[in-house]
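Below is one structure; the comments refer to it alone.
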Amino acid sequence: MSSNPVFPVRTATLREAKIITDIHAAASSVALKNLVSADGLKALSADRGLAYWRDAIEYGEPQVHVATEGDQVVGFVGAVHDRSRDKGPPPTMGEIWSICVTPTYWGKGVGLALWDAAREGLLEEGCTHVTVWVPLGNERAMRFHELAGFKREMSSAKTVPLGDGRIEEIRLKRVLA
């Protein structure tokens, strides 16, 4: 049986915006390589580029936390408690905007450490439920979120533009406890 190391999670600093941008690009290119064209992956990286993550860290929209191993950032999560991308959610609905781990750390417990930190933060902000949008073909992300207690909302499936193509996404939701 393999061990499951604990990865400390803390609030991201502005200095780490570039590292977060790089982790997002690396994780997306591996996770979505069979779902999105190369141009689509570039568009995704541009959408969540350095300026986006700097603003997120500086203004707390979303709240960004990083997981570390020693001095190295190996993953991050961005979550919001009052600004879901869905239309008309109750104020107690949180949303995970992004949870990404350096691909070489996949399956080692980093994602779980990040999810735990996001869940705690959302609970502290008064959230009772949380959602996340996941590409339908990203089986690794689907499995991760389902193991974390999220349930697919099949009626939420939508097609969104990405670069020169489109991708199918679905919302997953769970009660926070």
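The values are calculated or read from the model by the stated rules, or taken from the named source; none is laboratory data. Only a predicted model underlies this, so the values are computations on that prediction, with no experimental measurement involved. Using ideal geometry, Cβ is built from the backbone for each residue, glycine included, and neighbour counts are taken over all protein chains shown. Each accessible area value is taken on the protein alone, full model and side chains, heavy atoms only, with ligands, DNA and RNA left out. Shrake-Rupley method; radii C 1.70, N 1.55, O 1.52, S 1.80 Å.
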Over the chain, the sum of -39500 (n - 2.57) across DSSP H runs of at least four, divided by residue number and rounded to 500 deg cm²/dmol, gives at 222 nm -10500 deg cm²/dmol
Of the candidates L162, P62, V80, the farthest towards the positive dipole end of the chain (Lys/Arg Cβ +1, Asp/Glu Cβ -1, centred on the Cα centre) is L162
Beyond 28 Å (Cα-Cα) in this structure, taken from K108/K151; K33/K87; K18/K108; K18/K87, we find K33/K87; K18/K87
With a Förster distance of 30 angstrom and the Cβ-Cβ distance between D82 and L147, calculated FRET efficiency to the nearest 0.05 equals 0.65
With the convex hull built on the alpha-carbon atoms of region 8-101, volume per residue in Å³ sits at 104 Å³
GNM of the chain, Cα pairs under 10 angstrom: of P62, P91, P135, the biggest fluctuation goes to P91
Once phi for every residue in region 96-111 is put through the Karplus expression 6.51 cos²θ - 1.76 cosθ + 1.60 (θ = phi - 60°), the whole-Hz ³J(HN,Hα) values, with Gly and Pro written as x, are 8, 7, 6, 9, 9, 10, 3, x, 5, 9, 4, x, 10, x, 5, x
Per principal axis, largest first, the Cα atoms of region 86-176 extend in Å by 40, 38, 21
Amide H contacts under 5 Å for W97, restricted to residues at least 5 apart in sequence or on another chain and with H modeled in the peptide plane, are G78, A79, V80
In this structure, the FRET efficiency calculated for S37 and T104 from their beta-carbon separation, with R0 = 22 Å, to the nearest 0.05, is 0.35
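Measuring with a 1.4 Å probe in the full set of protein chains, what accessible area per residue, in whole Å², belongs to region 84-157?
Working: 3650 Å² over 74 residues.
Dividing the accessible area of region 84-157 by its residue count gives 49 Å².
If you roll a 1.4 Å probe over the chain with all protein chains in place, what percent of the accessible area is carbon or sulfur? Walk me through the numbers before you get to the answer.
Working: 5000 of 9360 Å².
With neighbouring chains kept in place, the figure for the chain is 53 percent.
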In the list (1) -0.65, -1.01; (2) -0.74, -1.03; (3) -0.53, -0.99, the entry giving log10 I(q)/I(0) by the Debye sum over Cα atoms at q = 0.12, 0.16 Å⁻¹ computed from the coordinates is (3)
Expected max-MSF residue from D116, D22, D86 in the GNM of the chain (alpha carbon, under 10 Å) is D86
Under a Gaussian network model of the chain whose springs join Cα atoms within less than 10 Å, the largest fluctuation of W53, W106, W115 belongs to W106
